[in-house]
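**Q** Structure below; questions to follow.
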Amino acid sequence: MDNGKISVRYARALFNQAVQEQCTAEVYACLTRLTLSYSQAIAQFNEVLSNPMISDEEKLNLLHTAIGEPIHPCVVRFLEFLTAKQRENKVFLIALKYQEMYRKANNILRADVTTAMAVDDTTLEQIRTFVEQYFHCTAEMHVKVDPSLIGGFMLDIEDERMDASVTGQLNKLKKELNI
């Protein structure tokens, strides 16, 4: 079966259960921590979770460690269910799909801000306010620093990019001058 279909089905089941238990935000927080940990060591996670020689208990311990505390009971039960169904190697895709469903249900847009240097809270709040007013949503801000931008920032929201970086402006100028 297609990994996309599997992850959507399991994520939908978890989302529906979380809605029923009124814990969607708590589950979202757990899965956000999991995807962050997972993305930092994806090869190692895949190797362990796909290995049939590693016990279900060890796999669950790894996932619990990756999530960190607190872990909502709904997530604990779901991870146990995934392990019993031998679908623990799909947990990353399931978590991403759940996050997508949660954001859509709560009118949240993920806004990735890339800056040339660290920004203060006031500047970040101004960007958040702009995004929320322009898109009529709640903005979930993710900030990273990339010195190669030289100055300014790039703002990625869904499939849209606003490039207000010095590097972006220089590239635009090069194109205009055919350099």
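What follows is calculated from the coordinates using simple rules that are stated; it is not laboratory data. Keep in mind that what you see is a predicted model, and the values were worked out from it rather than measured. Methodologically, a virtual Cβ is constructed for each residue, glycine included, from the backbone with ideal geometry; neighbour enumeration extends over all protein chains shown.
**Q** Using 10 Å bins from zero, what percent of all Cα-Cα pairs in the chain falls into each bin?
**A** Result, from short to long distances: 9, 30, 28, 21, 10, 2, 0 percent.
**Q** Relative to 2.2 N^0.38 Å, what does the C-alpha radius of gyration of the stretch 108-177 come to as a ratio? Two decimals please.
**A** Taking N as the residue count of the stretch 108-177, the ratio is 1.14.
**Q** Still on this structure, I have one more. Taking R0 as 25 Å, what's the FRET efficiency between residue 172 and residue 112 from their Cβ-Cβ distance, rounded to 0.05?
**A** Working from the Cβ atoms, E equals 0.75.
**Q** For residue 64 and residue 25, calculate 0.36 nm times their separation in residues minus their Cα-Cα distance, and state this gained length in nm to one decimal.
**A** Taking 0.36 nm per residue and subtracting the Cα distance, the gain is 12.3 nm.
**Q** Same structure, new question: What residues qualify as long-range amide H neighbours of residue 152, i.e. H under 5 Å apart, gap of 5 or more or another chain, H built at 1.01 Å from N?
**A** 116, 166
**Q** Simple spin-label model, 7 Å along Cα-to-Cβ: residue 132 to residue 77 in nm?
**A** 3.3
**Q** From zero outward in steps of 10 Å, how is the percent of C-alpha pairs of the stretch 3-104 spread across the bins?
**A** Computed distribution, short to long bins: 16, 56, 26, 2.
**Q** Follow-up. For residue 57 and residue 5, what does the FRET efficiency come to when R0 = 35 Å and r is the distance between their Cβ atoms, rounded to the nearest 0.05?
**A** For residue 57 and residue 5, the calculated efficiency is 0.80.
**Q** Show me the three semi-axes of the equivalent ellipsoid for the stretch 73-141, from the C-alpha gyration tensor (sqrt of 5 times each eigenvalue), largest first, rounded to whole Å.
**A** Those come to 34, 14, 10 Å.
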